[in-house]
1. Run the simple label-point estimate for Q110 and Y348 please: 7 Å along Cα→C-beta, distance reported in nm.
2. By count of other Cβ within 10 Å, fewest leading, how are C92, C152, C192 ordered?
3. With r as the distance between the Cβ atoms of S358 and N286 and R0 = 51 Å, compute the FRET efficiency 1/(1 + (r/R0)^6) and round to 0.05.
4. Translational D (Stokes-Einstein, µm²/s) of the stretch 254-297 at 25 °C and 0.890 mPa s when Rh comes from the Kirkwood sum over C-alpha pairs?
5. Give me the compactness ratio for the stretch 288-359, meaning the Cα radius of gyration over 2.2 N^0.38 Å.
6. Hey, which of these cross-link pairs are over 25 Å Cα-Cα: K109/K296; K89/K218; K262/K296; K124/K300?
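Throughout, read-outs are computed from the coordinates displayed, never taken from laboratory work. Quantities reported herein were computed from a predicted structural model and do not represent experimental measurements. Virtual Cβ from ideal backbone geometry, glycine too; neighbours counted across all protein chains shown.
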Amino acid sequence: MISFDQSVQHEIVSFGTVDDYASDALPICISDTGQYQIRNITLPYVILYEECRECDSAYVVHMLSEHGAHSIRTEKELLGLHKRHPLHKHSCIEIMYVLSGSLTNYVEKQTYTYEAGQFCIMNKNICHAEEFSGDFEAVFFMLRDDYLQELCDEFHRRVPSVIENDFPDSVYQLYEDGQNEKHRFAKAYLDCFPLSPAENTVQMMNHVVEFIIQETQKPQAGSSFFIKGAFAQLLGLIGNREKYSVTQIRSDYENQEFLYHKVAHIMRTHHGRITRDELSAQLHYNGEYLNRIVKKFTGKTILEYGRAIYMEEAKTMLSETDKSVSSIIEELGFSNRHHFYQLFRKVYGKTPTEFRSSS
């Protein structure tokens, strides 16, 4: 749990009126039912930290920016029938990160649950709302357009040749689409979750997130530069395909299509070498159900789909690189060279050596 400076925390038992909590420093309007909205952001970034606790029926919102901080607490019973914020959208890109517990998020007409360590990144046109039930801690970063552009530029200057990074095709693309007249009204968002083993990735991400919050709470000389660097680190971690699976989702996706794209991305990241049980552990879905989803969209079982992925990768590496067959076999996770040769001949009618010679 992140600690907050008690000198700026105003604890109340019910929400005040909109005018009580709207300010230029913190452009957040809160109604007497606890519903808030973000006005046009004039600051580089705004942070919302939400904490929901069933044990004491409390719902707390901490609002932070480089110009101020405010905290509001309400007892859940005072929220009455308002179990979530109304569907809303923002004038900026919003990054939601779950620090602990699980959070139910309503995205247009769909409902998704995000677990600790997972991200959801919304563009400006997606209507969404989180439910304040259960136990969770979640942080929401609102990044002004020009600030996000600077972060993107900084990333590309510092990491110009990192091939194993999806950053240009994920967060940056979401931002770019928002500036593009053709795509600016598209309803799309990014679904991001840590890949196995996830513990180290989540620990790294938590450290970055906590640093941004603590540095914003107690700014010192140079804090704005440190925070900007930390945001760049955060975006870099999200874009690292070895650490996070990032999938762009259209709001009209059905739940099964959404899940299939998650499975497909994980399987491609692992070169197809991942079992049904491992997928089940990562996604918290029954393995047989995942198998049916993959079968529905590809006509193949998880095992068959994985085989198709690594055979296609083997073919590409043989025809487009100078890697040795032994290196390819090792990279694709095969321990038995003879088995790999058998599979390759079965799929392509030639041995790997014969295929390379003829390509």
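1. 3.5
2. On the way: C92 23, C152 18, C192 26.
Least to most surrounded, the residues fall as C152, C92, C192.
3. Details: r = 44 Å, r/R0 = 0.85.
Working from the Cβ atoms, E equals 0.70.
4. Numbers: Rh = 10.2 Å.
Diffusion coefficient, whole number: 240 µm²/s.
5. Details: Rg = 13.5 Å, N = 72, 2.2 N^0.38 = 11.2 Å.
In units of the 2.2 N^0.38 Å rule of thumb, it is 1.21.
6. Details: K109/K296 22 Å; K89/K218 29 Å; K262/K296 14 Å; K124/K300 36 Å.
Flagged as over cut-off: K89/K218; K124/K300.
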